[in-house]
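Have a look at the structure below before the remarks.
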Amino acid sequence: MKAITILGSTGSIGTQTLDIVTDNPDKFRVVGLAAGSNVALLAKQIDKFQPEIVALGNEKKLAQLKEAIAFLPNKPQILVGQEGICEVARYGDAQSVVTGIVGCAGLLPTIAAIEAGKDIALANKETLIAGAPVVLPLVKKHQVKLLPADSEHSAIFQCLQGIPEGGLRRIILTASGGSFRDLPIEKLASVTVKDALKHPNWSMGQKITIDSATLMNKGLEVIEAHYLFDVDYDRIDIVIHPQSIIHSLIEVQDTSVLAQLGWADMRLPLLYALSWPERIFTEWEQLDLVKAGDLTFREPDHKKYPCMQLAYAAGRAGGLMPAVLNAANEQAVALFLSEKIDFLNIPRLIEQVCDRFGTQNTAQPNLDDILAADRWARQAILDAQIAIA
Ligand code: NAD
Ligand code: MG
């Protein structure tokens, strides 16, 4: 029986992780839950999974949560705010913490979990992208495991099992192509938020769905792969694979290529991040290659989707630049979601802000530097937005 804590329990990653717990009550037990503000769902989760500790990000909803669980005989300890979420992350005998909070808001809780000796099932890629210069040394110091739950990185990690050190030559990340993959470039200027939120293959939270539509998600995943697998940017490629059956591939030194396949279902990478190195039997639909049909591949279009190149450039610049890119993207996506900017202004604003940051970069930033760069980039996006409005 493995004790786990889930941060972002009411989101797409959080609820799918809890589905795994429901299906495997003899294998997983929930110690802690943390969520932003969906009190109704959090109350149901408390009732069903009986965690020992819970944190609610939005303090204003505390009374509502208490009322919603007043009838329960065994109530968990309830904390609020960012510090409450960090406390949940470090609490008790949880062996593994699933990071399903979206955005850089997940950084401090992830650090808290690592410092408490918890293994990390990493869904929250923004945390690693912004915080790697601090997170990676802490992972080493506290000897915890950083296990990828992002489907591409799980695929790479699965392919790497049994590959000796130095055997990896190249990483090939697959990308579905997002909501606009079949739309001509001229039409991108007038797409709506509703259009962008219609992902062809995956049902996910809003922010990552927009990132998939701009292909920034793939750019962020390039940086994520660089940090997770310690591979240079020249050896990480992207290929568009519209069917999302091959979740990524690795090439080894002798040119042999290994891939991981499966239906587009996040439960699989989440389960592996929790069960590694074990393989747990599931009743999930088995992959049928004939039913999956043709698997096709094409080159990514960098003219249509400049975000990939912005991410490669930020990754290569290193230091604080990935944190700046990430925060600029978070802020630009938030503006797009609230219909304050057009779709094509997402990459434009990010590029301006990364350019502006340029010479302020530091090679070896500490946590304060990262948090300051994150705040700076968000404000810089707001300033740049006013300039283009
Ligand atoms: P989501 O929007 O569905 O859920 C986000 C969760 O985080 C919710 O529980 C929300 O309450 C909580 N949250 C948001 N802001 C918070 C804050 N400031 N403080 C505390 N809690 C907060 O997002 P998601 O799609 O589940 O994505 C979560 C993370 O996983 C993202 O980093 C995303 O990139 C990554 N990811 C998701 C998928 C997927 O299939 N959904 C796949 C790969 C990676
Ligand atoms: Mg992914």
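The values are calculated or read from the model by the stated rules, or taken from the named source; none is laboratory data. What you see is a predicted model, and the numbers here were worked out from it, not measured in a lab. Counting neighbours? That spans all protein chains shown, and the Cβs are built from the backbone with ideal geometry, glycine included. When the accessible area is computed, the model is the full protein with side chains, heavy atoms only, and any ligands, DNA or RNA have been set aside. Shrake-Rupley method; radii C 1.70, N 1.55, O 1.52, S 1.80 Å.
Just the accessible area for LYS187, please: 1.4 Å probe, Å², rounded to the nearest 10? For LYS187, the solvent-accessible surface is approximately 120 Å². All Cα-Cα distances of region 287-382, cut into 10 Å bins from zero to the largest, leave 16, 40, 22, 13, 8, 0 percent in each bin in turn. Ellipticity at 222 nm from helices only: DSSP H runs of n ≥ 4 in the chain, each -39500 (n - 2.57), divided by the residue count, give -14000 deg cm²/dmol. Tally up the carbon and sulfur contribution to the accessible surface of the chain as a whole percent, 1.4 Å probe, everything protein left in place. Carbon and sulfur: 50 percent of the exposed surface of the chain.
Distance between the C-alpha centres of region 142-156 and region 45-109: 23 Å, rounded to the whole angstrom.
DSSP beta bridges confined to the chain are antiparallel in about 25 percent of cases. Pairs LYS2/LYS75; LYS141/LYS218; LYS125/LYS198: which exceed 24 Å Cα-Cα? Correct reply: LYS141/LYS218.
Eigen-decomposition of the gyration tensor built on the alpha-carbon atoms of the chain gives equivalent ellipsoid semi-axes of 30, 26, 22 angstrom, largest listed first. Once the 1.4 Å probe is applied to the protein heavy atoms, region 23-78 comes out at 54 Å² accessible per residue. Just to check, using Stokes-Einstein with a Kirkwood Rh over alpha carbon pairs, what's the diffusion coefficient of region 115-201 at 37 °C and 0.692 mPa s in µm²/s? Roughly 202 µm²/s, to the nearest whole number. Cα-based values for region 155-312, radius of gyration first and Dmax second, are 16.2, 49 Å.
Measuring between their Cα centroids, region 210-224 and region 246-307 lie 16 Å from each other. Sparse packing (at most 14 other Cβ atoms within 10 Å of the Cβ) combined with a DSSP loop state is found for the following GluC sites (Glu not before Pro) in region 329-389: GLU339.
The residues packed around GLY167, meaning those with a beta-carbon under 15 Å from its beta-carbon, carry a net charge of -1 if Lys and Arg are +1 and Asp and Glu are -1. Please check the chain for the longest run free of chymotrypsin sites (Phe, Trp or Tyr not before Pro) that are loop-located per DSSP (anything but H, G, I, E, B) and have at most 13 other Cβ atoms within 10 Å. Longest gap between qualifying sites, sites excluded: 72-280. Each residue of region 353-361 is assigned a 3J(HN,Hα), and the resulting list reads 5, 5, 4, 4, 6, x, 6, 7, 5 Hz, derived from the Karplus form 6.51 cos²θ - 1.76 cosθ + 1.60 (θ = phi - 60°), x at Gly and Pro.
Once you divide the Cα radius of gyration of region 1-92 by 2.2 N^0.38 Å, the number left is 0.97. Close amide H pairs (under 5 Å, H built 1.01 Å from N) link ARG169 with GLU251, VAL252, GLN253, residues at least 5 positions away or on another chain. Taking 4 °C and 1.567 mPa s as the conditions, I'd like the Stokes-Einstein D for region 81-140 in µm²/s, using the Kirkwood hydrodynamic radius from alpha carbon pairs. For these conditions, the coefficient is 116 µm²/s. From the alpha carbon centroid of region 374-389 to that of region 24-42 is 36 Å.
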